[in-house]
Amino acid sequence: MLRHALLAITLVGAAPSTMALSADDQRGYYFAGFANYELADPARDSDDGYGFQATIGRALGVNNALELSYLNQRRDRGGLGGKDYKHVLSLDYVRDFGLRQFQSGLLPDFKPYLLGSIGGVLEDVQGDSHLHPALNLGAGLLFPLRIGFWDWGWGLRTEVKGLVQYNDRKSEPANNAFLADAHFQIGLSIPLVWNPRRPVTLPPPRECQLSVVDPVTGRRDCINDADRDGVPDSSDACPATPNGDRVDAKGCSLEKGRDADADGVLDNDDQCPGTAAGLMVDAKGCAIEQTLSLQAVTFESDSAVLTGAATGVLDGIATTLGGQANVSLDIGGHTDDTASDAYNLALSKQRAEAVRQYLIARGIDGARLSTQGYGEAQPLVANDSDANRALNRRVDFKLVLAP
């Protein structure tokens, strides 16, 4: 018991100064449990070890956390028989490098991270029990565990670590000042604050402006023609043609001097008609790489449900993407600071995903759309007034052109 107490005191007094994280992207407390396998230092006269680790973590920001871990291990002794044991208490700083997402869908999303710690080891080797200081360095991957659009913040963690302990020459194994053991772990990370991220809710489909019935099969199909030029919206490259204009097969005006999408390039020379309002274009009328913030993309209060005004703006974005197959879109969700950090981060991710799902529903390939939630971490202006907070509640769009 005295040695266990000394071990705890040693760690509480230690102040690591390496790097740090939140491996599960939660600004709060979380628990992680691991199964552990140890590849023991060759100097030990024992088999490799096995055991478990329990970890309590506290996120210090979007990418940083502090973790307190307890590791319990057993080894089969060589020669004399019986088992050696090891107890490790460590204080870790963890630093992650953000979520890596793959648009192909063939590989899972993951978050790489590094960790470094200082701690103490209480172990028994061949019946000789001693307390040693130790350093721990490692790397890992966290794989978010999601079911559909539901996300509870759970994650599967895999880690590889090297534990180096100072082993005074009076301790077994004799004449070894340092011992280095390799640890391999796999486990589950679970937030301790219940804050499930609600599923994205899409608005109901618009009612048909026109309905056509096949006289043979009786099938009823909808045709939307917002500008009433005779070309359905699904194939209309210029969905806002002025009333009365003659149009081509793409729904673009044949009248000279017209600029239906108001991008500064006349329709006769516009190779990308229907560009959404506000986008920068080149001399051909095609959108170029850019990032823009759209305060008009709004949501119902405290939710990820798009408003009617937002869907109108997103219809223009969908038209632009439909006319330029070489453009992909990074969607970033942002909030103000009126709620907790963790809640804002989760809500921003839900809202970015709601935008992505809306664009997919409008015919855009999901592989061209990626999302990221930033919570309140990247405000445009200080959150010191209602007007400024409204500016910070936004969705950013980054247009990326394929090479």
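Values in this text are rule-based calculations from the coordinates and carry no lab data. Everything quoted here is computed from the prediction, not taken from an experiment. All Cβ positions, even for glycine, are placed from backbone atoms using ideal geometry, and neighbour counts span all protein chains on display.
So the values come out like this:
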item	result
Whole-Hz couplings from phi, Karplus 6.51/-1.76/1.60, listed for the range 377-386; x for Gly and Pro	6, 10, x, 6, 9, 5, 7, 10, 7, 4
Other-chain or far-sequence residues with amide H under 5 Å of ARG258's (modelled H)	ASP267, ASN268
Cut-off under 5 Å, modelled amide H: who pairs with LEU145 long-range	TRP154, GLY155, LEU156
Sequence ranges 86-94, 41-49, 132-140, 331-339, ranked by mean other-Cβ count within 10 angstrom, highest first	86-94, 331-339, 132-140, 41-49
Amide H contacts under 5 Å for PHE299, placed H, 5+ residues apart	THR307
In order through the range 84-94: 3J(HN,Hα) via Karplus (6.51 cos²θ - 1.76 cosθ + 1.60), integer Hz, x for Gly, Pro	8, 10, 9, 10, 10, 10, 9, 10, 10, 9, 10
